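> Following this message is one structure expressed as structure tokens.
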Amino acid sequence: MKKIGIFYGSTTGSTKAVAYKLAKLLNVEEADVHEVASVAPSALGNYDVLIFGTSTWGSGDLQEDWYDFVDGAAALDLRGKTIALFGCGDETMSDTFCSAVGKLYEKFKSTGAEFVGAFDVDGYSFNHSDAEVDGRYVGLLLDEVNHPEYTDLRLRKWATEVTEAIK
């Protein structure tokens, strides 16, 4: 069984709540769910699968706690590890919806890790997201502000896809 660690940055609590819902779906112990403001990047070495979650702020920016963490983490050699991404945003911010997820993807591309968990673009309504690459999202995108009714279904679907991909 591969060891999964969930790492998130959350300002309003939405991304934190999603991280813990995801932990339950993936049978991840609460001790393996980490707020990036309170953990060093070296903690990534304890896991085979790294799940990163962020909210999007301003003009598509990362949640503020990610900046110091991601600079240290992106410098690591993560070959042999698997990364899955998720994020919370607001579809009414239609030119930057969940773009922070795309920023995490860009930061971690050079680490040698394998990415899983790309998600279907159907069912969303916005103009642009940096999280969209080649017609799919690089991870799960959620809008807890306008469409919380889709969260649980999307989380279950994504958790199943990630579980299959890491077997």
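The values are calculated or read from the model by the stated rules, or taken from the named source; none is laboratory data. Bear in mind the structure is a predicted one, so any value in this text is a computation, not a measurement. So basically every Cβ, Gly included, is an ideal-geometry build from the backbone, and we count neighbours across all protein chains shown. Accessible surface is based on the protein model in full, side chains and every heavy atom, while ligands, DNA and RNA are left aside. Shrake-Rupley method; radii C 1.70, N 1.55, O 1.52, S 1.80 Å.
> For residue 53, enumerate residues with amide H under 5 Å from its amide H, sequence gap 5+ or separate chain, H modeled in the peptide plane.
So residue 53 has HN proximity to 7, 8, 9, 86.
> Residue 90's amide H: which non-local residues (gap 5+, or another chain) put their own amide H closer than 5 Å, with H modeled 1.01 Å from N in plane and none for Pro or chain starts?
98
> While we're looking at this one, here's another question. Please give the charge dipole size of the chain, origin at the Cα centre, charges +1 on K and R Cβ atoms and -1 on D and E Cβ atoms. Round to the nearest 20 debye.
On the way: 15 positive and 27 negative charges, 130 e Å.
Once rounded to the nearest 20, the dipole reads 620 debye.
> Rounded, prolate or oblate for region 66-112? Axes are the square roots of the Cα gyration tensor eigenvalues, ordered a ≥ b ≥ c, and the cut-off for rounded is a/c under 1.5.
prolate
> For residue 149 and residue 67, compute 0.36 nm times the residue count separating them, minus their Cα-Cα distance, and round to one decimal in nm.
26.5 nm
> Ordered by packing density, taken as the mean number of other Cβ atoms within 10 Å over each peptide's residues, highest first, how do 8-19, 153-164 rank?
Peptide ranking by packing, descending: 8-19, 153-164.
> Now for a different question. Given N residues in region 113-167, what is its alpha carbon radius of gyration divided by 2.2 N^0.38 Å?
Numbers: Rg = 11.7 Å, N = 55, 2.2 N^0.38 = 10.1 Å.
Compared with the compact-globule rule of thumb, region 113-167 sits at 1.16.
> Cα convex hull of the chain: how many Å³ per residue?
Cα-based convex hull of the chain, divided per residue, equals 101 Å³.
> Take every DSSP beta bridge with both residues inside the chain and express the antiparallel ones as a percent of the total, to the nearest 5.
Antiparallel bridges: around 20 percent, rounded to the nearest 5.
> Would you work out what percent of the accessible area of region 1-136, with all protein chains in place, is carbon or sulfur (probe 1.4 Å)?
The value for region 1-136 is 45 percent carbon and sulfur by accessible area.
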